[in-house]
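One structure is given below, encoded as C-alpha cells.
Each reported figure results from applying straightforward, stated rules to the coordinates on display, with no laboratory input. These numbers were taken from a predicted model, which means no experiment stands behind them. Don't worry about glycine lacking a Cβ; one is built from the backbone with ideal geometry, like all the others, and counts go over all protein chains shown.
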Amino acid sequence: MIQTRALTKDFVVNRKTTVHAVRGISLDIAPGELVAVLGPNGAGKTTTLRMLTTLIAPTSGTATVAGHDVATAAAEVRRQIGYVGQGNGAGHIHRVGDELRTQGRIYGLDRRSAARRTDELLEALDLTELRDRKVSDLSGGQRRRLDVAIGLVHAPRLLFLDEPSTGLDPQNRANLWQHILRMREEHRMTIVLTTHYLDEADTMAERVVVVDHGEVIADDTARALKAKLAGDRLILTGDLPLLAKAAAALPGARDITETTDTLELRVSDGPAALPELVAAVPGAVRTAEIQRPTLDDVFLSLTGRNLREHS
Ligand SMILES: Nc1ncnc2c1ncn2[C@@H]1O[C@H](COP(=O)(O)OP(=O)(O)OP(=O)(O)O)[C@@H](O)[C@H]1O
C-alpha cells in the first residue's frame, strides 16, 4: 500500500540553514496494516506524512502510495487517501452536517451520494445528534471525530491520521479510537498515524515505527521491540551494597543504578533473573518488583533519551 525508498526532505530556511527533517526513510506498509509512527517533537513524523499525502514534495527519494507515485501522480494518490491533519479541517461557521456534505461534493459525489455518505458518517462517528450544531460550538473530542469523518468522506482505502487524539481527555481518546477501529474493521482500511502517546501506540497499533532525527531507528510490533530492545526492569530494596555487587555479577544485567533506597537494573528475563539474584546474596533482598518494559524504555535503549508523553 505504501512503499518509500530513501525518502528525504530538507527545508532550506535561509542561506546558512537547512533543516534535514527526513533523512532517507525506506518503509513498506502492506494493505490493512495499522501502523503507528512514534518519535519525539521534531523527529520528522509530520513531514513524512505530508510527503506521503502529497502536501509537500520530497527533496529526494521516492514514495508510492496506493499504487501511485507521490511526485508524478499526486491527484491519483489524493483520490485514494484520507488525511486528518493536526489542525482542524472543518470551517468554523458551518453546521456539522453541511460541512460533511460540502466536503463530499468537493470530492465529486453527487448531491444524493453526498447526503447518504453524510448520514453514514454521522452515524458511524456518533455525531448524528450534533448535525445541526455549528462546528465552532463542538467540544474538542466532537471536533476530532468530525475531522476523522471528513477524512473518510470519499471512502479512502488508506487513512493518515496526524496525532488524532492529542489534547483529548482519556475518555474521548478511548471513544475516538473505538470509532476508528470500527471503521477500519468495516472497510478494511490501512491506517498510518502519528502519536505522542506511547500507550496508544502500544495497544492500538500492530506495528510501531520509531523515528528520531528524521530516520527510522526501529520498526516492529510493540511486543517484539520491547522484548528485543528493552527487557524487564528489576527494582530491589534491601542491603544495597550487597545487591549492587550481585547485580554486577549477574549475566546480562545492564543499566544498574542505585537510588537512595533502591537498586535498579535491567535484564532480558525478569522472572528468571530475580531468583538467581536472591540466591546469590541470601537475605539481602527485602522487596523486589519486576516492571515490564514500555515503549519509552525501547526509545531510551535506542537513543539514551526519554520519549516523554506529551499530554
Ligand atoms: N516548513 C518548514 N520549514 C523549516 N523547517 C521545518 C518546516 N517544517 C518542519 N520543519 C522542521 O523539520 C523538523 C521535523 O518536523 P516535523 O513537524 O516533521 O516533526 P514531528 O516529528 O512531526 O514533530 P511533532 O511531534 O512536534 O509534531 C523539525 O525540526 C521542524 O522544525
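How much of the calculated P(r) for the chain lies past 27 Å, in percent of all Cα pairs? Of all Cα-Cα distances in the chain, 52 percent exceed 27 Å.
Pairs exceeding a 29 Å alpha-carbon distance, out of K45/K134; K16/K45; K45/K226: K45/K134. Amide H contacts of V84: F160, L161, D162, each under 5 Å away and 5 or more positions distant or on a separate chain (H built 1.01 Å from N in the peptide plane; Pro and chain starts excluded). The chain: longest stretch without exposed GluC sites (Glu not before Pro) (DSSP loop, at most 14 other Cβ within 10 Å), sites themselves excluded? Between exposed loop sites, the widest span is 1-205.
From the alpha carbon centroid of the range 1-30 to that of the range 48-78 is 12 Å. Computed across the range 123-176, the Kirkwood hydrodynamic radius from all distinct Cα-Cα pairs reaches 11.9 Å. Taking every DSSP helix (H) stretch of at least 4 residues in the chain, weighting each as -39,500 (n - 2.57) and dividing the sum by the residue count yields a mean residue ellipticity at 222 nm of -10500 deg cm²/dmol. This ranking places V153, V13, V281 by how few other beta-carbon atoms lie within 10 Å of each, fewest first, which gives V13, V281, V153.
The relative contact order of the chain, computed from alpha carbon pairs under 8 Å that lie at least 6 residues apart in sequence, is 19 percent. Among T287, T237, T194, a tally of other beta-carbon atoms within 10 Å of each Cβ gives an order, fewest to most, of T287, T237, T194. Once C-alpha pairs closer than 8 Å and six or more residues apart are averaged by separation and normalised to the residue number of the range 207-291, the relative contact order reads 32 percent.
The smallest convex shape that holds all Cα atoms of the range 1-113, its convex hull, gives 151 Å³ per residue.
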